[in-house]
1. With +1 on the Cβ of every Lys and Arg and -1 on the Cβ of every Asp and Glu, and nothing else charged, how large is the dipole of the chain about its Cα centre, in debye rounded to the nearest 20?
2. Looking at the chain, send over the antiparallel percent of its DSSP beta bridges, to the nearest 5.
3. Rounded to whole Å and ordered largest first, report the semi-axes of the equivalent ellipsoid of the chain derived from its Cα gyration tensor (root of 5λ).
4. Using the number of other C-beta atoms within 10 angstrom as an exposure proxy, rank 28, 249, 81 with the fewest first.
5. May I ask for the angle, rounded to the nearest 10°, between helix 245-256 and the longest principal axis of the chain, with both axes built from Cα atoms and the value confined to 0 to 90°?
6. Mind checking the range 226-281 for trypsin sites (Lys or Arg not before Pro) that DSSP puts in a loop (not H, G, I, E or B) and that have at most 16 other Cβ atoms within 10 Å?
7. Specify the angular offset, from 0 to 90 degrees and rounded to the nearest 10, of the alpha carbon long axis of helix 127-137 from the longest principal axis of the alpha carbons in the chain.
8. Provide the net charge surrounding residue 222, with neighbours chosen by a C-beta distance below 14 Å and charges set as Lys +1, Arg +1, Asp -1, Glu -1.
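Just so it is clear, none of the values below were taken in a lab; they were calculated from the coordinates. Everything numeric here is computed off the predicted structure, so don't read it as measured data. For neighbour counting, all protein chains shown are included, and Cβ atoms are generated from backbone atoms with ideal geometry for every residue, glycine included.
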Amino acid sequence: MTPQDAVLGWDEDTNAEAYAAFTRAHPMYDITSRDLARRARLDDARLVVDLCGGAGATARAILDLVPARARVVSVDNAAAMQRVGRRTLTDPRLSWVTAPAEQLDDHIPSGGADAVVCNSAIWKTDTLRIFNAVAHVLRPGGLFAFNIGGGFAGVRHPDAQLAPEGPSLNTLIRQVAARDHGYTPPPAVAGQLPKLPLATVTGQLAAAGLSVLDTEVTAQHSTMAEKKAWLSVPVFARPEGDFTHAQRMEILDAAYALTTPETPTVTSWLVVVAHRPPRTS
Ligand SMILES: C[S@@+](CC[C@H](N)C(=O)[O-])C[C@H]1O[C@@H](n2cnc3c(N)ncnc32)[C@H](O)[C@@H]1O
């Protein structure tokens, strides 16, 4: 089964437009997409899959690196995201498949892909099924490059420890919501483990017949102003619970007013490059 929250929110036009506008106005998804596309060594690729490709930010990065004769297939289960992508990214090498990433192997020929790239999404999916499907579509020697948000992987880049003191925008949002809207945060679960640590990823990849070639914890440097813009996209808006988007934006504005826009922020990522081992003769 595709995880329950996989489509919720993403398949709404207002969200898709807001998300795509964010990816064009701010470098966050472009930087991580370009990093993965570079690691996937695409210079000779003929077929590349952009897994959970959304509105095309990652496809743009891939298209910049593949040869003129290559094909890129962007797979995502949110039709609304792909509607924006189809309208704004019209490269003849790119096609769109609206389907759960877990069913990738129904849409790509077995052993036909030189690389699969998945930016900023894998922890939302059923990774065991995804890794099996990726192993099925990759040619021997083909590469699979993806990243996992630091909180989900349980990693923190050293730069994140050097970030300036002071509450995060998320903390301020919770404080303002409690003060002005009677919000009660859900109780913290003591000892909660990260959802997708490297050991789990490595084990699942190995079970699917893929092996890890390289991993790196990276730091993405940003500002409070970019974080605020990101938290304005409906799927990312907080706090959770029974709030309208307008209320969340009111809370965000009040929380943001307590910060300095240029304050640096750091997001950690675990980047993984795996491959389907080449055939040995
Ligand atoms: C943060 S966006 C990333 C999109 C794109 N890679 C980028 O960097 O802009 C996450 C995307 O993952 C998609 N997604 C989440 N779970 C999925 C699943 N199980 N199958 C297909 N798409 C999924 C969502 O629809 C959304 O478009």
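1. 620
2. Among the beta bridges of the chain, antiparallel pairing accounts for roughly 50 percent.
3. After diagonalising the Cα gyration tensor, the semi-axes are 33, 21, 18 Å.
4. In order of increasing Cβ crowding within 10 Å: 249, 28, 81.
5. That works out to roughly 70 degrees.
6. Here the sparse-neighbourhood loop sites are 279.
7. With rounding to tens, the tilt is 30 degrees.
8. Net charge around residue 222: -2.
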